[in-house]
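**Q** Got a structure here, written out as C-alpha coordinates. Questions coming.
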Amino acid sequence: VFVGVSFHVLSSGKYRTLAFLPNCHQQQPIAVAARSASKAQEFADSHNIPKTFGNYHDLIRNPDVDVVYIGTIADHHYEWTRESILAGKPTVVEKPMTLCADDTKELINLAKEKNVFLMEGMWTRCFPAMQKLRQIIASNEIGPIVYVQGDFGYSMANNGPEDRIWLPDSGGVTMDIGMYIAQFGRLAFPDGKLKDVFAAGTVKNGVDHSVMATVTYERGDSRDGFGEDGLLQFALTGAANTEERMVLQGTKGRVVINGPFHVPQKMKVMYDQGRGESTEQIFDFPLPDDPYGAWNNPGSIGFVHQIREVGTALSRGKKECDSFTWNESLEVATVVDEIVRQVRGERPILRKVNGMEAMEVASS
(Lines give C-alpha, C1' and ligand atoms only; values in the text may rest on other atoms or scores of the structure.)
Protein backbone atom coordinates (compact mmCIF):
# COMPACT_ATOMS: atom_id res chain seq x y z
CA VAL A 1 0.00 0.00 0.00
CA PHE A 2 1.29 3.46 -0.88
CA VAL A 3 2.13 5.25 2.36
CA GLY A 4 1.08 8.84 2.88
CA VAL A 5 -1.43 9.33 0.10
CA SER A 6 -3.58 12.33 1.03
CA PHE A 7 -6.88 12.61 -0.78
CA HIS A 8 -8.39 15.90 -1.80
CA VAL A 9 -12.17 15.68 -2.15
CA LEU A 10 -13.33 18.08 -4.83
CA SER A 11 -17.08 18.56 -4.27
CA SER A 12 -19.02 17.82 -1.15
CA GLY A 13 -22.21 16.84 -2.95
CA LYS A 14 -24.41 14.26 -1.28
CA TYR A 15 -24.23 11.94 -4.30
CA ARG A 16 -20.60 11.03 -3.65
CA THR A 17 -19.87 10.61 0.04
CA LEU A 18 -16.30 9.78 1.00
CA ALA A 19 -16.80 8.81 4.61
CA PHE A 20 -15.26 5.44 3.76
CA LEU A 21 -11.82 6.97 3.35
CA PRO A 22 -10.83 6.56 7.02
CA ASN A 23 -11.07 2.79 6.45
CA CYS A 24 -7.97 3.12 4.25
CA HIS A 25 -5.49 3.80 6.99
CA GLN A 26 -2.72 5.04 4.69
CA GLN A 27 -4.95 7.05 2.35
CA GLN A 28 -6.65 9.84 4.25
CA PRO A 29 -8.87 12.75 3.20
CA ILE A 30 -7.07 15.94 4.21
CA ALA A 31 -9.17 18.59 2.46
CA VAL A 32 -12.52 19.19 0.81
CA ALA A 33 -13.74 21.96 -1.48
CA ALA A 34 -17.24 22.98 -2.43
CA ARG A 35 -18.90 25.85 -4.22
CA SER A 36 -19.30 27.60 -0.88
CA ALA A 37 -17.16 27.62 2.26
CA SER A 38 -20.18 26.69 4.42
CA LYS A 39 -20.92 23.55 2.40
CA ALA A 40 -17.30 22.49 2.52
CA GLN A 41 -17.17 23.02 6.28
CA GLU A 42 -20.38 21.05 6.84
CA PHE A 43 -18.96 18.09 4.91
CA ALA A 44 -15.60 18.34 6.65
CA ASP A 45 -17.22 18.40 10.09
CA SER A 46 -19.23 15.27 9.25
CA HIS A 47 -16.18 13.32 8.09
CA ASN A 48 -13.31 14.64 10.22
CA ILE A 49 -11.53 16.32 7.32
CA PRO A 50 -9.07 18.94 8.61
CA LYS A 51 -8.99 21.47 5.78
CA THR A 52 -11.72 23.18 3.77
CA PHE A 53 -11.79 25.48 0.76
CA GLY A 54 -14.64 27.54 -0.66
CA ASN A 55 -13.35 27.12 -4.21
CA TYR A 56 -11.79 24.29 -6.20
CA HIS A 57 -8.80 26.16 -7.61
CA ASP A 58 -7.07 26.64 -4.27
CA LEU A 59 -7.54 23.06 -3.23
CA ILE A 60 -6.11 21.68 -6.47
CA ARG A 61 -3.03 23.82 -5.95
CA ASN A 62 -2.59 22.84 -2.31
CA PRO A 63 0.91 21.31 -1.88
CA ASP A 64 -0.30 18.92 0.85
CA VAL A 65 -2.65 17.12 -1.55
CA ASP A 66 -1.30 13.97 -3.18
CA VAL A 67 -4.41 12.71 -4.99
CA VAL A 68 -7.43 14.62 -6.26
CA TYR A 69 -10.84 12.94 -6.29
CA ILE A 70 -13.35 14.80 -8.47
CA GLY A 71 -16.95 14.14 -7.47
CA THR A 72 -18.81 17.08 -8.99
CA ILE A 73 -21.76 16.51 -11.32
CA ALA A 74 -20.57 15.17 -14.65
CA ASP A 75 -21.07 18.49 -16.45
CA HIS A 76 -17.98 19.81 -14.64
CA HIS A 77 -15.74 16.73 -14.80
CA TYR A 78 -13.84 17.86 -17.88
CA GLU A 79 -12.83 21.32 -16.65
CA TRP A 80 -11.73 20.26 -13.16
CA THR A 81 -9.97 17.10 -14.33
CA ARG A 82 -8.10 19.17 -16.88
CA GLU A 83 -7.07 21.70 -14.24
CA SER A 84 -5.98 18.96 -11.86
CA ILE A 85 -3.84 17.28 -14.54
CA LEU A 86 -2.25 20.63 -15.49
CA ALA A 87 -1.43 21.11 -11.80
CA GLY A 88 0.41 17.77 -11.88
CA LYS A 89 -1.97 16.08 -9.42
CA PRO A 90 -2.77 12.35 -9.70
CA THR A 91 -6.50 12.43 -10.40
CA VAL A 92 -9.46 10.10 -9.90
CA VAL A 93 -12.62 11.39 -11.55
CA GLU A 94 -16.10 10.00 -11.10
CA LYS A 95 -17.88 8.26 -13.94
CA PRO A 96 -18.38 9.36 -16.61
CA MET A 97 -14.98 10.95 -17.01
CA THR A 98 -16.51 13.53 -19.36
CA LEU A 99 -19.69 14.06 -21.36
CA CYS A 100 -18.39 12.52 -24.58
CA ALA A 101 -15.65 10.28 -25.95
CA ASP A 102 -13.82 13.16 -27.66
CA ASP A 103 -13.33 14.98 -24.35
CA THR A 104 -12.30 11.76 -22.61
CA LYS A 105 -9.66 11.18 -25.26
CA GLU A 106 -8.42 14.74 -24.84
CA LEU A 107 -7.95 14.30 -21.08
CA ILE A 108 -6.20 10.96 -21.53
CA ASN A 109 -3.81 12.50 -24.05
CA LEU A 110 -3.17 15.40 -21.66
CA ALA A 111 -2.39 12.96 -18.83
CA LYS A 112 0.05 11.16 -21.12
CA GLU A 113 1.69 14.43 -22.16
CA LYS A 114 2.05 15.64 -18.57
CA ASN A 115 2.96 12.19 -17.24
CA VAL A 116 0.20 12.38 -14.61
CA PHE A 117 -1.84 9.55 -13.11
CA LEU A 118 -5.49 9.54 -14.24
CA MET A 119 -8.30 7.09 -13.52
CA GLU A 120 -12.00 7.11 -14.22
CA GLY A 121 -13.69 5.90 -11.06
CA MET A 122 -15.04 2.56 -12.28
CA TRP A 123 -14.96 1.23 -8.72
CA THR A 124 -16.78 -2.00 -9.65
CA ARG A 125 -13.63 -3.17 -11.45
CA CYS A 126 -11.65 -3.04 -8.21
CA PHE A 127 -13.80 -5.50 -6.26
CA PRO A 128 -12.29 -8.94 -5.50
CA ALA A 129 -15.18 -10.58 -7.36
CA MET A 130 -14.14 -8.89 -10.60
CA GLN A 131 -10.58 -10.07 -10.18
CA LYS A 132 -11.94 -13.61 -9.84
CA LEU A 133 -14.07 -13.12 -12.95
CA ARG A 134 -11.01 -12.14 -14.97
CA GLN A 135 -9.24 -15.30 -13.80
CA ILE A 136 -12.17 -17.50 -14.83
CA ILE A 137 -12.35 -15.95 -18.29
CA ALA A 138 -8.57 -16.16 -18.80
CA SER A 139 -8.49 -19.82 -17.71
CA ASN A 140 -11.02 -20.75 -20.41
CA GLU A 141 -12.72 -23.06 -17.90
CA ILE A 142 -16.19 -22.07 -19.14
CA GLY A 143 -14.96 -21.75 -22.71
CA PRO A 144 -14.94 -18.59 -24.85
CA ILE A 145 -17.69 -16.16 -23.86
CA VAL A 146 -20.58 -16.27 -26.33
CA TYR A 147 -22.67 -13.46 -24.89
CA VAL A 148 -23.17 -11.29 -21.83
CA GLN A 149 -26.58 -10.21 -20.55
CA GLY A 150 -27.46 -7.86 -17.73
CA ASP A 151 -29.79 -5.25 -16.33
CA PHE A 152 -29.49 -2.16 -14.18
CA GLY A 153 -32.39 0.00 -13.12
CA TYR A 154 -33.71 2.00 -10.23
CA SER A 155 -36.94 3.93 -9.87
CA MET A 156 -36.62 7.63 -10.55
CA ALA A 157 -40.26 8.29 -9.64
CA ASN A 158 -39.23 10.51 -6.74
CA ASN A 159 -36.50 12.39 -8.61
CA GLY A 160 -37.89 15.91 -8.82
CA PRO A 161 -37.55 18.29 -11.79
CA GLU A 162 -34.37 19.84 -10.37
CA ASP A 163 -32.59 16.49 -9.96
CA ARG A 164 -29.34 16.02 -11.88
CA ILE A 165 -30.83 13.01 -13.72
CA TRP A 166 -32.81 15.39 -15.95
CA LEU A 167 -29.87 17.60 -16.91
CA PRO A 168 -29.71 17.91 -20.72
CA ASP A 169 -26.03 17.04 -21.10
CA SER A 170 -25.22 14.62 -18.29
CA GLY A 171 -28.70 13.34 -17.46
CA GLY A 172 -30.47 10.18 -18.55
CA VAL A 173 -30.11 6.57 -17.51
CA THR A 174 -27.25 5.78 -19.92
CA MET A 175 -24.96 8.57 -18.76
CA ASP A 176 -25.82 7.73 -15.16
CA ILE A 177 -25.43 3.94 -15.00
CA GLY A 178 -24.90 2.61 -18.53
CA MET A 179 -21.13 2.41 -18.14
CA TYR A 180 -21.51 -0.16 -15.36
CA ILE A 181 -22.68 -2.75 -17.90
CA ALA A 182 -20.86 -1.39 -20.96
CA GLN A 183 -17.54 -2.13 -19.24
CA PHE A 184 -18.33 -5.86 -19.27
CA GLY A 185 -17.67 -6.03 -23.01
CA ARG A 186 -13.94 -5.63 -22.60
CA LEU A 187 -13.91 -8.09 -19.67
CA ALA A 188 -15.73 -10.77 -21.66
CA PHE A 189 -13.87 -10.22 -24.94
CA PRO A 190 -10.43 -8.98 -23.86
CA ASP A 191 -8.88 -9.53 -27.31
CA GLY A 192 -11.91 -8.35 -29.25
CA LYS A 193 -12.61 -5.14 -31.13
CA LEU A 194 -15.69 -2.98 -30.68
CA LYS A 195 -17.81 -3.44 -33.80
CA ASP A 196 -21.42 -2.19 -33.61
CA VAL A 197 -23.82 -0.60 -31.14
CA PHE A 198 -27.58 -0.96 -31.50
CA ALA A 199 -29.98 0.76 -29.12
CA ALA A 200 -33.63 1.65 -28.67
CA GLY A 201 -35.46 3.21 -25.79
CA THR A 202 -37.85 5.73 -24.33
CA VAL A 203 -37.36 9.39 -23.49
CA LYS A 204 -38.69 11.32 -20.47
CA ASN A 205 -38.12 15.01 -19.80
CA GLY A 206 -35.78 15.12 -22.77
CA VAL A 207 -33.40 12.37 -21.60
CA ASP A 208 -33.25 8.61 -22.09
CA HIS A 209 -35.33 6.85 -19.43
CA SER A 210 -35.36 3.17 -20.50
CA VAL A 211 -32.89 1.56 -22.91
CA MET A 212 -32.28 -1.80 -24.57
CA ALA A 213 -28.84 -2.10 -26.15
CA THR A 214 -26.76 -4.69 -27.99
CA VAL A 215 -23.04 -4.23 -28.52
CA THR A 216 -21.02 -6.53 -30.79
CA TYR A 217 -17.30 -7.31 -30.71
CA GLU A 218 -15.15 -8.82 -33.40
CA ARG A 219 -13.49 -11.71 -31.67
CA GLY A 220 -9.75 -11.33 -31.46
CA ASP A 221 -8.96 -14.95 -30.65
CA SER A 222 -10.05 -18.38 -31.86
CA ARG A 223 -9.81 -20.48 -28.73
CA ASP A 224 -11.48 -23.84 -29.32
CA GLY A 225 -12.08 -22.70 -32.89
CA PHE A 226 -14.88 -20.36 -31.79
CA GLY A 227 -14.83 -17.36 -34.11
CA GLU A 228 -18.29 -15.79 -33.76
CA ASP A 229 -18.67 -12.16 -32.78
CA GLY A 230 -19.12 -11.54 -29.07
CA LEU A 231 -22.42 -10.07 -27.89
CA LEU A 232 -23.20 -7.79 -24.96
CA GLN A 233 -26.90 -7.13 -24.37
CA PHE A 234 -28.41 -5.10 -21.56
CA ALA A 235 -31.38 -3.17 -20.25
CA LEU A 236 -31.27 0.12 -18.35
CA THR A 237 -34.26 1.84 -16.82
CA GLY A 238 -35.30 4.62 -14.51
CA ALA A 239 -38.82 3.24 -14.32
CA ALA A 240 -38.22 0.29 -11.95
CA ASN A 241 -35.85 -1.26 -9.46
CA THR A 242 -34.40 -4.22 -11.34
CA GLU A 243 -32.56 -7.35 -10.22
CA GLU A 244 -29.20 -5.93 -11.33
CA ARG A 245 -27.78 -9.31 -12.33
CA MET A 246 -25.15 -10.23 -14.92
CA VAL A 247 -24.73 -13.49 -16.84
CA LEU A 248 -21.66 -14.36 -18.89
CA GLN A 249 -22.39 -17.40 -21.05
CA GLY A 250 -19.44 -19.43 -22.28
CA THR A 251 -19.38 -22.43 -24.60
CA LYS A 252 -18.80 -24.77 -21.63
CA GLY A 253 -20.58 -23.00 -18.79
CA ARG A 254 -21.61 -19.66 -17.38
CA VAL A 255 -20.93 -17.14 -14.63
CA VAL A 256 -23.82 -15.50 -12.81
CA ILE A 257 -23.10 -12.38 -10.74
CA ASN A 258 -25.91 -11.82 -8.29
CA GLY A 259 -27.38 -8.37 -7.89
CA PRO A 260 -26.41 -5.76 -7.26
CA PHE A 261 -23.62 -6.63 -9.69
CA HIS A 262 -22.03 -3.17 -9.52
CA VAL A 263 -21.05 -3.97 -5.92
CA PRO A 264 -20.43 -7.69 -6.59
CA GLN A 265 -20.54 -9.90 -3.54
CA LYS A 266 -21.66 -13.31 -4.82
CA MET A 267 -20.77 -15.21 -7.96
CA LYS A 268 -21.94 -18.58 -9.22
CA VAL A 269 -19.94 -20.55 -11.79
CA MET A 270 -21.89 -23.27 -13.59
CA TYR A 271 -20.16 -25.98 -15.61
CA ASP A 272 -22.24 -27.67 -18.29
CA GLN A 273 -22.70 -31.43 -17.97
CA GLY A 274 -25.19 -31.69 -20.81
CA ARG A 275 -28.33 -29.88 -21.87
CA GLY A 276 -30.14 -28.69 -18.75
CA GLU A 277 -27.51 -30.22 -16.45
CA SER A 278 -24.62 -28.55 -14.70
CA THR A 279 -22.46 -28.51 -11.62
CA GLU A 280 -21.83 -25.26 -9.82
CA GLN A 281 -19.40 -23.51 -7.56
CA ILE A 282 -20.32 -20.48 -5.47
CA PHE A 283 -17.92 -17.72 -4.45
CA ASP A 284 -18.74 -15.17 -1.75
CA PHE A 285 -17.02 -11.81 -1.49
CA PRO A 286 -18.36 -9.98 1.60
CA LEU A 287 -18.15 -6.22 1.72
CA PRO A 288 -15.47 -4.69 3.97
CA ASP A 289 -16.41 -3.92 7.56
CA ASP A 290 -18.67 -0.91 7.60
CA PRO A 291 -18.79 1.28 10.72
CA TYR A 292 -20.98 3.89 9.07
CA GLY A 293 -24.25 2.11 8.26
CA ALA A 294 -26.24 4.64 6.23
CA TRP A 295 -25.18 5.49 2.67
CA ASN A 296 -26.62 7.45 -0.23
CA ASN A 297 -26.16 4.30 -2.31
CA PRO A 298 -26.08 0.72 -0.93
CA GLY A 299 -22.68 -0.94 -0.79
CA SER A 300 -20.70 2.28 -1.02
CA ILE A 301 -18.21 0.99 1.56
CA GLY A 302 -16.81 -0.97 -1.41
CA PHE A 303 -15.10 2.21 -2.59
CA VAL A 304 -12.22 1.21 -0.32
CA HIS A 305 -11.15 -1.32 -2.97
CA GLN A 306 -10.68 1.45 -5.53
CA ILE A 307 -8.86 3.71 -3.08
CA ARG A 308 -6.39 0.97 -2.20
CA GLU A 309 -5.81 0.17 -5.86
CA VAL A 310 -5.06 3.79 -6.64
CA GLY A 311 -2.55 3.85 -3.79
CA THR A 312 -0.90 0.68 -5.04
CA ALA A 313 -0.68 2.00 -8.62
CA LEU A 314 0.93 5.24 -7.44
CA SER A 315 3.42 3.37 -5.26
CA ARG A 316 4.52 1.47 -8.35
CA GLY A 317 4.87 4.59 -10.48
CA LYS A 318 1.95 3.76 -12.75
CA LYS A 319 -0.07 6.40 -14.57
CA GLU A 320 -3.22 4.31 -14.91
CA CYS A 321 -4.86 1.46 -13.02
CA ASP A 322 -4.74 -2.06 -14.42
CA SER A 323 -8.33 -2.71 -13.37
CA PHE A 324 -9.70 0.03 -15.63
CA THR A 325 -7.31 1.42 -18.19
CA TRP A 326 -7.44 4.57 -20.30
CA ASN A 327 -8.32 2.54 -23.39
CA GLU A 328 -11.23 0.98 -21.54
CA SER A 329 -12.49 4.39 -20.43
CA LEU A 330 -12.41 5.58 -24.02
CA GLU A 331 -14.17 2.49 -25.35
CA VAL A 332 -16.95 2.70 -22.76
CA ALA A 333 -17.39 6.41 -23.52
CA THR A 334 -17.76 5.54 -27.22
CA VAL A 335 -20.47 2.97 -26.46
CA VAL A 336 -22.35 5.36 -24.15
CA ASP A 337 -22.17 8.16 -26.74
CA GLU A 338 -23.69 5.96 -29.41
CA ILE A 339 -26.49 4.62 -27.20
CA VAL A 340 -27.53 8.14 -26.20
CA ARG A 341 -27.38 9.32 -29.82
CA GLN A 342 -29.59 6.49 -31.04
CA VAL A 343 -32.16 6.83 -28.26
CA ARG A 344 -32.54 10.62 -27.90
CA GLY A 345 -30.43 12.23 -30.61
CA GLU A 346 -27.38 14.45 -30.54
CA ARG A 347 -26.59 16.32 -27.32
CA PRO A 348 -25.38 19.90 -27.25
CA ILE A 349 -22.48 19.79 -24.82
CA LEU A 350 -21.65 23.04 -23.08
CA ARG A 351 -18.41 23.18 -21.15
CA LYS A 352 -16.45 25.96 -19.52
CA VAL A 353 -12.67 26.04 -19.64
CA ASN A 354 -10.81 28.96 -18.09
CA GLY A 355 -13.95 31.07 -18.19
CA MET A 356 -14.62 30.49 -21.88
CA GLU A 357 -17.60 28.55 -23.20
CA ALA A 358 -17.42 26.15 -26.11
CA MET A 359 -20.42 24.53 -27.77
CA GLU A 360 -19.97 21.21 -29.45
CA VAL A 361 -21.97 18.16 -30.43
CA ALA A 362 -21.14 14.71 -29.10
CA SER A 363 -19.65 12.71 -31.94
CA SER A 364 -21.36 9.51 -32.95
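**Q** So which residues in region 217-240 are in contact with a Lys or Arg (Cβ under 8 Å, 6 or more places away or on another chain), open to solvent by less than 70 Å² (accessible area, probe 1.4 Å) and either more than 22 Å from residue 298 (Cα to Cα) or not small (Gly, Ala, Ser) (or both), if there are any at all?
**A** The answer is 217, 220, 226, 227, 229, 230.
**Q** Report every pair of residues separated by at least 6 positions or lying on different chains whose Cβ atoms are under 9 Å apart, first residue within region 240-253 and more than 25 Å from residue 156 (Cβ to Cβ) and β-branched (Val, Ile, Thr), second part of a loop (DSSP other than H, G, I, E, B) and open to solvent by 20 Å² or more (accessible area, probe 1.4 Å).
**A** 251/226
**Q** In the set 213, 188, 182, which member is farther than 18 Å from residue 337 by Cβ and out of contact with any His (no Cβ under 7 Å at 6 or more places or on another chain)?
**A** Selected residue: 188, the only one of 213, 188, 182 that is farther than 18 Å from residue 337 by Cβ and out of contact with any His (no Cβ under 7 Å at 6 or more places or on another chain).
**Q** Does any residue of region 175-190 turn out to be surrounded by fewer than 17 Cβ atoms within 10 Å (Cβ to Cβ), on the phi < 0 side of the Ramachandran plot and under 21 Å from the mean Cα position of the chain (by Cα)?
**A** Yes, there is a match, as at least one residue in region 175-190 is surrounded by fewer than 17 Cβ atoms within 10 Å (Cβ to Cβ), on the phi < 0 side of the Ramachandran plot and under 21 Å from the mean Cα position of the chain (by Cα).
**Q** Return the residues of region 47-63 that are polar (S, T, N, Q), over 17 Å from residue 87 (Cβ atoms) and open to solvent by less than 80 Å² (accessible area, probe 1.4 Å); say none if nothing qualifies.
**A** Within region 47-63, the first condition is being polar (S, T, N, Q), and the residues that meet it are 48, 52, 55, 62.
Next, from what is left, pick out any that are over 17 Å from residue 87 (Cβ atoms): 48, 52.
If the condition is that a residue be polar (S, T, N, Q), over 17 Å from residue 87 (Cβ atoms) and open to solvent by less than 80 Å² (accessible area, probe 1.4 Å), then 52 is the only one that fits.
**Q** What about residue 168, is it modelled with pLDDT under 95, under 20 Å from residue 346 (Cβ atoms) and either in a strand (DSSP E or B) or under 22 Å from the mean Cα position of the chain (by Cα) (or both)?
**A** Working: modelled with pLDDT under 95: yes; under 20 Å from residue 346 (Cβ atoms): yes; either in a strand (DSSP E or B) or under 22 Å from the mean Cα position of the chain (by Cα) (or both): yes.
Yes, satisfied.
**Q** So residue 34 fits all but one of (1) within 28 Å of residue 315 (Cβ to Cβ); (2) within 23 Å of the chain's Cα centre (by Cα); what number is the exception?
**A** (1)
**Q** Of all residues in region 191-216, which are of a type in the set (Gly, Ala, Ser) and buried (at least 18 other Cβ atoms within 10 Å of the Cβ)?
**A** Of everything in region 191-216, those that are of a type in the set (Gly, Ala, Ser) and buried (at least 18 other Cβ atoms within 10 Å of the Cβ) turn out to be 192, 199, 201, 210, 213.
**Q** How many residues does region 15-45 contain that are surrounded by fewer than 20 Cβ atoms within 10 Å (Cβ to Cβ), out of contact with any Phe, Trp or Tyr (no Cβ under 8 Å at 6 or more places or on another chain), outside any loop (DSSP other than H, G, I, E, B) and modelled with pLDDT of 75 or more?
**A** Selection size over region 15-45: 5.
**Q** Among the residues in region 287-298, are any open to solvent by less than 70 Å² (accessible area, probe 1.4 Å), out of contact with any Leu (no Cβ under 7 Å at 6 or more places or on another chain) and not in a loop (DSSP other than H, G, I, E, B)?
**A** Pass one, region 287-298, residues open to solvent by less than 70 Å² (accessible area, probe 1.4 Å): 287-288, 290, 293, 295, 297.
Still in the running and out of contact with any Leu (no Cβ under 7 Å at 6 or more places or on another chain): 287-288, 290, 293, 295, 297.
Those left that are additionally not in a loop (DSSP other than H, G, I, E, B): none.
No, region 287-298 contains no residue that is open to solvent by less than 70 Å² (accessible area, probe 1.4 Å), out of contact with any Leu (no Cβ under 7 Å at 6 or more places or on another chain) and not in a loop (DSSP other than H, G, I, E, B).
**Q** Hey, can you tell me all the residues within region 130-148 that are small (Gly, Ala, Ser) and either surrounded by fewer than 15 Cβ atoms within 10 Å (Cβ to Cβ) or closer than 23 Å to residue 69 by Cβ (or both)?
**A** If the condition is that a residue be small (Gly, Ala, Ser) and either surrounded by fewer than 15 Cβ atoms within 10 Å (Cβ to Cβ) or closer than 23 Å to residue 69 by Cβ (or both), then 138, 139 are the ones that fit.
**Q** Kindly indicate whether residue 313 is small (Gly, Ala, Ser), open to solvent by less than 60 Å² (accessible area, probe 1.4 Å), touching an Asp or Glu at 6+ places or on another chain (Cβ under 9 Å) and closer than 21 Å to residue 74 by Cα. Before the answer, list the steps.
**A** Working: small (Gly, Ala, Ser): yes; open to solvent by less than 60 Å² (accessible area, probe 1.4 Å): yes; touching an Asp or Glu at 6+ places or on another chain (Cβ under 9 Å): yes; closer than 21 Å to residue 74 by Cα: no.
No.
The values are calculated or read from the model by the stated rules, or taken from the named source; none is laboratory data. It should be emphasised that the depicted structure is a prediction, and the values quoted were computed from it without experimental measurement. For neighbour counting, all protein chains shown are included, and Cβ atoms are generated from backbone atoms with ideal geometry for every residue, glycine included. The area values use the complete protein model at the heavy-atom level, side chains included, leaving out ligands, DNA and RNA. Shrake-Rupley method; radii C 1.70, N 1.55, O 1.52, S 1.80 Å.
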